Amino acid sequence: MTFALHPLANADGKVILFGEHAVVYGEPALAAGLTGGLTLRATPLDDPTAFATLSVPAWDLEIPLDVESDHQVARAALAVLGHCDAPVRGHRIIGEARIPSRSGLGSSATLTVALARLGLGPNAPAPAILAAATEGEQIFHGAPSGIDAHVACHGGVVRFSRDLGASEVRPRVGFDLLIVPTGVPRHTATQVAHVRARIDAEPQVYEPLIRALGSTTMAGIDAVLHHDLPRLATLMNTAHETLNALGVGHPRLDEVRRDAQTEGALGAKLTGAGGGGCMIVLPPPGATKALADGLTRRGHAPIFARIGPP
Ligand code: PMV
């Protein structure tokens, strides 16, 4: 048992480029880290026996880490800190977030990984951080694939599959993406269960869609490595339609997609669990700002992301 939390910890947000949902069934996915996703700071409370508090103002989150609490975030946070054998009393933990919560950008994994780093310290080995974070991710997501926690911990551009784990994808040329939140919250476990129910009911219909999403990931990796943006855009559009066919779309996602197309986007797809959350939009080369401005004029709040080298 350590006696104090470490004062500062970071974790990356993540954006899934391809393979969401399919990754749950063993297919590959491609994801990228969003640097500066969440920073946590821990300071001692005057009363060392009081329950720790956790607040992330950008997420409207302000909770005591009360061991009796049935608040999901409190339970997850306590599970992570408990796994680290770290103190769960006597600290105020404050978070600064660059990504919205519950929108498919890995907010829960940023929280669990950053908490694990508060508990285990900056020099803790990645497997120990991931093992602790997974305790919390299980409370948030039931049976997580692990992709969110991996990217929150390591960042970069990552190919991930359940059986092979993670491997870095290193494009020589990077590209811009705009992430456009719909403002519609959704729950990953509910979306995952929804896909599971469809597959169980009609495996002959829906299993091929899962395999197709996995193949789209592999083609997408090739397009990213060759900086083939038109191909990447086509694959993004196809993946979006496939995810819609799996039942994880939302009218607001398609609205963002139409607006993005009208403003000149090359491609657009939902990212993460769907049912709300965010779209990712691929701008034409050199037109990221113009597209972001156009989307802003239409009432959206795009977030800039660079995938691969600057
Ligand atoms: O929580 P989200 O929206 O980032 O989605 C996670 C990706 C899923 O494939 C839908 C679930 C998983 O555990 O991989």
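FYI, it's all coordinate maths here, none of it is from the lab. Model, not experiment: these values are computed from the prediction. As a convention, Cβ positions derive from the backbone with ideal geometry for all residues, glycine included, and neighbour counts pool all protein chains shown.
Length, then width, then depth: along the principal axes, the Cα atoms of segment 146-196 run 36, 30, 19 Å.
Helix-only arithmetic for the chain: the sum of -39500 (n - 2.57) across DSSP H runs with n ≥ 4, divided by the residue total, places the mean residue ellipticity at 222 nm at -13000 deg cm²/dmol.
Taking the C-alpha atoms only, the angle from helix 251-262 to the longest principal axis of the chain is near 50 degrees. Treating only the Cα positions of segment 70-228 as identical point scatterers, give the base-10 log of I(q)/I(0) from the Debye formula at each q in 0.10, 0.16, 0.19 Å⁻¹. Here the Debye-derived log intensity ratios amount to -0.45, -1.08, -1.35. Secondary structure note: in the chain, about 95% of the DSSP beta bridges are antiparallel. Below 14 angstrom from the Cβ of Val24, what's the summed charge of the other residues (Lys, Arg +1; Asp, Glu -1)? With Lys, Arg at +1 and Asp, Glu at -1, the net is -3. Computed over the Cα atoms of segment 20-70, the ratio of the radius of gyration to the Kirkwood radius (Rg/Rh) comes to 1.18. Between Leu45 and Ala245, the modelled labels are 5.3 nm apart [label points 7 Å from Cα along Cα→Cβ].
Across segment 69-122, the mean sequence separation of Cα contacts (distance under 8 Å, 6 or more residues apart), normalised by length, yields a relative contact order of 44 percent. What spacing in nm lies between the two simple spin-label points modelled at Ser167 and Arg297, each 7 Å away from Cα in the Cβ direction? Label at Ser167, label at Arg297, 4.5 nm between them. In this structure the amide hydrogen of Gly36, modeled in the peptide plane, comes within under 5 Å of the amide hydrogens of Gly13, none closer than 5 places in sequence on its chain. Once the Kirkwood radius over Cα pairs is known for segment 217-310, the Stokes-Einstein relation at 4 °C and 1.567 mPa s delivers a diffusion coefficient of 95 µm²/s.
The value of relative contact order for segment 24-86, using C-alpha pairs under 8 Å at least six residues apart, is 16 percent.
Given the C-alpha centroids of segment 1-61 and segment 113-176, what is the distance between them in whole angstrom? Value for the Cα centre distance between the two parts: 10 Å. Just how many % of Cα pairs in segment 23-152 lie over 27 Å apart, if you round to the nearest whole percent? Result for the distance tail: 13 percent. Cβ-to-Cβ counts within 10 Å put Leu253, Leu266 in ascending order as Leu266, Leu253, the fewest first. For the peptides 145-155, 117-127, the ranking by packing is 145-155, 117-127, with the highest mean count of neighbouring Cβ atoms within 10 Å listed first. Compute the helix-to-body angle for 288-297: its Cα long axis versus the longest principal axis of the chain, expressed 0 to 90° and rounded to tens. Once rounded, one gets 80 degrees. Principal axis extents of the C-alpha atoms in the chain (largest first, rounded to whole Å): 57, 44, 35.
For the chain, the longest principal axis of the alpha carbon atoms and the long axis of helix 72-83 meet at an angle near 60°. Taking 22 Å as R0, compute the FRET efficiency from the Cβ-Cβ separation of Leu225 and Thr35 and round it to 0.05. Given R0 = 22 Å and the Cβ-Cβ separation, E is 0.55. The slack in the chain from Arg89 to Val184, taken as 0.36 nm per residue of separation less the alpha-carbon distance, amounts to 30.8 nm. Put a dot 7 Å past the Cα of Glu255, heading toward its Cβ, do the same for Ala193, and the two dots end up 2.7 nm apart.
Calculated FRET efficiency, Thr262 to Lys289, Cβ-Cβ distance, R0 = 22 Å: about 0.85 to the nearest 0.05.
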